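Each value in this text was obtained by applying a stated rule to the coordinates, not by laboratory testing. These numbers were taken from a predicted model, which means no experiment stands behind them. Here the Cβ positions follow ideal geometry from the backbone for every residue, glycine too, while neighbour counts run over all protein chains shown.
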């Protein structure tokens, strides 16, 4: 294996490094983007019970925010439950944008590796062909040994670039699709929360009474 890497020339180093980074990103994102970590099944039911029973407290919201990406979105909705629908949705959407950014972390880097790896392999191919033509100029075409090094470098770099790019491209597409599905699911749960809050007039009444008491105290 070491002899093959050595024969591939100087571009094999960047290609090996790119493959290690790509593998690390893929494994980390596959672990992070598990549905049970992003969208815990029991979390939604717990929030609905809080809303229906009027048991929403600040400590619940704080714990919810630390629970998961979905928890952050739902916590933003609960924290702004006393606001108008437009402001409530805006708060959820703003938090959602931050959550999506976290879910997409490192995926763009994986896409860049998938795009650059064939180009690095092509560069190695070009340098290998240059070595080959230099050998032809020096020794002529009658010495196969002189030509073998440049041809080997060209072929090995091409194969290495494709070997890194193909899995990276496949995983990039799969991870982007997984993020999109998770985002759609979170949007559905967030809209259910908005509807649940609107269907519980007690939440609005409690908030309104609290605001009225504050104004009376200020007067």
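In region 1-59, what count of residues is obtained for those that are in contact with a helix residue (DSSP H, G or I) (Cβ under 6 Å, 6 or more places away or on another chain) and surrounded by fewer than 12 Cβ atoms within 10 Å (Cβ to Cβ)?
1
Would you say residue 78 is over 28 Å from residue 181 (Cβ atoms), surrounded by 12 or more Cβ atoms within 10 Å (Cβ to Cβ), touching a residue at least 24 places away in the same chain (Cβ under 8 Å) and touching a helix residue (DSSP H, G or I) at 6+ places or on another chain (Cβ under 8 Å)?
no
Anything in region 34-75 that is in a helix (DSSP H, G or I), touching a residue at least 24 places away in the same chain (Cβ under 8 Å) and over 30 Å from residue 177 (Cβ atoms)? List them, or say none.
Scanning region 34-75 gives 50, 51, 52.
Within region 81-93, can you find the residues that are surrounded by 13 or more Cβ atoms within 10 Å (Cβ to Cβ) and touching a helix residue (DSSP H, G or I) at 6+ places or on another chain (Cβ under 8 Å)?
Those that are surrounded by 13 or more Cβ atoms within 10 Å (Cβ to Cβ) and touching a helix residue (DSSP H, G or I) at 6+ places or on another chain (Cβ under 8 Å): 81, 82, 83, 88, 89, 91, 92.
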